[in-house]
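A.B. asks: I'd like to ask some things about the structure below.
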Amino acid sequence: MDIARVEVYLDNQDKPYAVLEQAPFTLELDPTGMEEGTHYLIAVTHYRDGSVDHHEYVFEVARRGPVYAGHIARAPIMAPIEVRMVDSVELEAPTKPDLLRYAVFPVLLFLLFAGVTTWLAFYGENALPGGALAAGGQVASTNPPGTPTPLSGNGEAIYQQLCASCHQPDGRGQPPTFPALAQNPKLADAEYVIKTVLNGKPGTAMPPFGRRLDDAGVAAVVNHIRNAWGNRFGTVTPEEVAQLR
Ligand code: HEC
């Protein structure tokens, strides 16, 4: 399918970080000035036939001396764009001060089995009715194009939109890859659950939602999972979430 343009959004910013209009669709992501920690970017691909799909990358930024470096922690397969992290560490190289201001190195995008499973769970479920892959291997998304603004409100709706692809609509998960939330005794610990939703579980497929959900949204989804499917673990308030951010 012909791509008209790819808008790339960083974290929950409203304005695109970049708009790619010409092949090859390669994004050079410069971590300089970004906060340390986990970030994500969403590539919103607009096809010429009017369809749109989303692919989410997760990347980590860390300080190395005065400069920042980053690496892609999770890249979706079949995404139409390649993302490279700009490595600004070369700035420090004392022997070659006149070297390029930034050295660019290609990031190898590892497609582990877990990555594939995650991707299928993520996009397979979110695809059009039937979960079928659209022609050309691209996945049609029912989500409207646009930016990830923090969600608030209805916990069940948030769960179905953001969590059910991995933990399943009925909370049973897909053990051992995606843990069940139904009848999971670990959910008794409200602080653990809030922190897991805010920060994700680095090194696993559990993504952070701190930037996509506001305090009320986190409280709502936490209250949903702790009280659905026979769970009876009580409720938390947006204020408690705010204290754990
Ligand atoms: C891309 C898949 C994915 C999505 C989407 C996802 N999770 Fe998870 N989640 C995981 C994985 C994998 C783990 C297990 C991490 C580990 O190994 O500790 C996990 C763990 C958890 C845990 C801890 C369970 C335990 O037994 O320790 C909670 C709570 C949780 N997720 C809630 C949520 C909520 C709420 C959402 C939506 C806002 C969500 N998850 C979305 C993959 C996902």
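Read-outs: derived from the displayed coordinates by stated rules, not from any lab. Owing to the predicted nature of the structure, the values given are computational and were not obtained by experimental measurement. Cβ coordinates were reconstructed from backbone atoms using ideal geometry, including for glycine residues, and neighbour counts include every protein chain displayed.
A.B. asks: Using the Karplus curve 6.51 cos²θ - 1.76 cosθ + 1.60 with θ = phi - 60°, what ³J(HN,Hα) values do you get for each residue of region 79-85, in whole Hz, with x for Gly and Pro?
C.D. replies: Once rounded to whole Hz, the list reads 5, x, 10, 9, 10, 10, 8.
A.B. asks: Assign unit charges at the C-beta atoms only (+1 for Lys and Arg, -1 for Asp and Glu), then state the dipole size of region 155-244 relative to its Cα centre in Debye, rounded to the nearest 20.
C.D. replies: In total the dipole reaches around 300 debye.
A.B. asks: Here's something else I'd like to know. Using amide H atoms built 1.01 Å from N in the peptide plane, name the residues 5+ places from V86, or on other chains, whose amide H lies under 5 Å from its own.
C.D. replies: Excluding prolines and chain starts, which carry no amide H, the hits are L29, D30.
A.B. asks: When the Karplus curve 6.51 cos²θ - 1.76 cosθ + 1.60 is applied with θ = phi - 60°, which whole-Hz ³J(HN,Hα) does each residue of region 164-178 get, with x for Gly and Pro?
C.D. replies: 5, 4, 9, 8, 6, x, 9, x, 7, x, 9, x, x, 6, 10
A.B. asks: Starting from the Cα-Cα distance between R48 and V19, subtract it from 0.36 nm times their residue separation and give me the gain in nm to one decimal.
C.D. replies: 8.9 nm
A.B. asks: Quick one: which residues, 5 or more positions from Y40 or on another chain, have an amide H under 5 Å from its amide H? H modelled 1.01 Å from N in the peptide plane, none for Pro or chain starts.
C.D. replies: The list, which skips near neighbours in sequence, is D11, F59.
A.B. asks: If you don't mind, there's one more thing I want to ask. Efficiency by 1/(1 + (r/R0)^6): what FRET value for E239 and N12, r their Cβ-Cβ distance, R0 = 22 Å, to the nearest 0.05?
C.D. replies: Efficiency computed from Cβ-Cβ geometry: 0.55.
A.B. asks: May I ask you to compute the full-extension gain from R5 to K186, defined as 0.36 nm times their residue separation minus their alpha-carbon distance, rounded to one decimal in nm?
C.D. replies: Working it through step by step, the gained length comes to 60.8 nm.
A.B. asks: May I pose another question? List the residues whose amide H sits under 5 Å from the amide H of Y17, counting only those 5 or more places along or on another chain, with H placed 1.01 Å from N in the peptide plane.
C.D. replies: V8, Y9, L10
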